[in-house]
Amino acid sequence: MVHGGTKLLNFKEMSLNELRKYILKNRKDEIAWKEFVSRPRPHAIIVTAETSLEEQERILQEASRKKHSSN
């Protein structure tokens with residue numbers, strides 16, 4: 001199958017990192033972008049708008065400390 005004059009890639013089979021690299025080179029590919037944003041982010045830190053800045057800072061500092069202690 002052809003998309004935009006090139007062979008259609010199977011974005012669902014790409015790893016998140018492969019898809020990210022593809023999108024950085026093909027920024028106007030809306031199909032790839034939709035697949036990228038639909039993927040779960042297991043290491044994402046999510047806070048609500050109601051979370052105070054102080055609490056956000058504490059959460060990020062704790063996550064950073066955990067990341068550096070596991071390396």
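Selection of the range 19-35 for residues being hydrophobic (A, V, I, L, M, F, W, C), surrounded by 10 or more Cβ atoms within 10 Å (Cβ to Cβ) and free of Cβ contacts under 8 Å to residues at least 24 places away in the same chain yields Leu19, Ile23, Ala32, Trp33. Taking the criterion of being surrounded by 10 or more Cβ atoms within 10 Å (Cβ to Cβ) and either in the same structural domain as Asn10 (by TED's automatic domain parsing) or in a loop (DSSP other than H, G, I, E, B) (or both), the residues of the range 37-71 that qualify are Arg39, Ile45, Val47, Thr51. Residues in the range 11-49 that are among the aliphatic types (A, V, I, L, M), out of contact with any helix residue (DSSP H, G or I) (no Cβ under 6 Å at 6 or more places or on another chain) and farther than 23 Å from Leu60 by Cβ: 3 in all. Every condition in (1) modelled with pLDDT of 90 or more; (2) part of a loop (DSSP other than H, G, I, E, B) is met by Ile23 except one, and the failing one is (2).
The values are calculated or read from the model by the stated rules, or taken from the named source; none is laboratory data. Just so we're clear, the structure is a prediction, and the values are computed from it rather than from any experiment. Here Cβ is always computed from backbone atoms with ideal geometry, including for glycine, and neighbour counts include all displayed protein chains.
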